[in-house]
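The values are calculated or read from the model by the stated rules, or taken from the named source; none is laboratory data. All of these numbers come straight from a predicted model, not from anything done at the bench. Using ideal geometry, Cβ is built from the backbone for each residue, glycine included, and neighbour counts are taken over all protein chains shown.
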């Protein structure tokens with residue numbers, strides 16, 4: 001996995017996941033969000049438009065991130081889940097835990113509003 | 001002092017032509033390193049998903065189930081002990097692919113894990129692995145010791 005993190009004009013911290021989010025790399029994502037939270041970021045979008053697959057550890061990392069973000073009064077949206085990835089969230093009921101947007105642009109709009 | 005050489009993947013592929021298409025048997029010995037999972041999943045998909053019935057969704061399900069089972073074997077089974085390895089044996093024949101993944105751990109009771117599906121449990125970061133595998137493939141079985149899982153995916 002590689003990811004790119006950018007902050008747009010509306011103050012949303014956007015992380016794009018490229019490749020797989022699995023047990024071998026989930027800590028990198030958790031660390032990136034934790035660092036951004038420590039630096040005062042409060043609006044997060046994690047985008048999966050270029051993600052191949054996610055395993056249960058990756059889902060678990062997102063659950064941990066979501067909890068941490070909420071505890072710090074910040075907001076998180078996930079975007080760009082294709083049909084296959086979305087099915088993983090539906091099977092595990094995590095589609096009810098996360099705010100999901102079709103695209104990063106929609107997520108940013110939702111966070112900026 | 002030199003660093004120890006990283007353990008390497010050992011791959012063996014046997015193909016046998018048959019009236020219903022070639023059957024393929026793949027054996028892989030995988031070091032207990034989570035960094036290998038992606039490569040192993042790619043290798044298995046490359047060798048074991050011939051045939052028109054392997055559509056996008058079937059391939060996706062197999063990828064996730066394999067990644068999941070390998071992670072369990074390396075992390076929970078072998079506890080990432082680099083002196084131990086995971087044996088992967090995959091068979092593609094006719095209308096099904098069957099993959100057996102065996103670690104060197106003491107085994108576990110798969111019935112003892114409940115996935116966090118209730119609203120009040122969704123914040124739990126773990127416990128979804130076996131549940132996901134069961135949802136993504138047609139058949140899942142374990143040996144008595146609980147250190148070997150067998151996944152079967154059949155032609156839809």
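Quick notes
- For the range B:73-102, the set of residues classified as part of a loop (DSSP other than H, G, I, E, B) and within 14 Å of another protein chain (Cβ to nearest Cβ) consists of B:78, B:79, B:80, listed by residue number.
- Hits in the range B:16-53 (condition: free of Cβ contacts under 8 Å to residues at least 24 places away in the same chain and in a helix (DSSP H, G or I)): B:35, B:42, B:45, B:46
- Looking only at residues in the range B:113-139 that are within 15 Å of residue B:101 (Cβ to Cβ) and in contact (Cβ under 8 Å) with a residue 12 or more places away in the chain, the one that is farthest from the other protein chains (Cβ to nearest Cβ) is B:139.
- Number of the exception - residue A:13 against (1) surrounded by 22 or more Cβ atoms within 10 Å (Cβ to Cβ); (2) touching a helix residue (DSSP H, G or I) at 6+ places or on another chain (Cβ under 8 Å); (3) within 24 Å of residue B:75 (Cβ to Cβ): (3)
- Meets criteria (without any contact (Cβ under 8 Å) to a residue 40 or more places away in the chain, within 14 Å of chain B (Cβ to nearest Cβ), surrounded by 14 or more Cβ atoms within 10 Å (Cβ to Cβ) and in a loop (DSSP other than H, G, I, E, B)) for residue A:19: no
- Hits in the range B:36-53 - residues which are crowded, with 18+ Cβ neighbours inside 10 Å, more than 10 Å from every other protein chain (Cβ to nearest Cβ) and out of contact with any strand residue (DSSP E or B) (no Cβ under 6 Å at 6 or more places or on another chain): B:43, B:49
- Checked against the criterion of being surrounded by 19 or more Cβ atoms within 10 Å (Cβ to Cβ), in a strand (DSSP E or B) and in contact with a helix residue (DSSP H, G or I) (Cβ under 7 Å, 6 or more places away or on another chain), the candidates B:151, B:132 yield just one match: B:151.
- Selection count where residues are modelled with pLDDT under 95, surrounded by fewer than 21 Cβ atoms within 10 Å (Cβ to Cβ) and either touching a strand residue (DSSP E or B) at 6+ places or on another chain (Cβ under 6 Å) or under 30 Å from residue B:18 (Cβ atoms) (or both), scope the range B:66-95: 4
- Within the range B:18-35, tally of residues that are surrounded by fewer than 16 Cβ atoms within 10 Å (Cβ to Cβ) and facing chain A (nearest Cβ under 10 Å): 1
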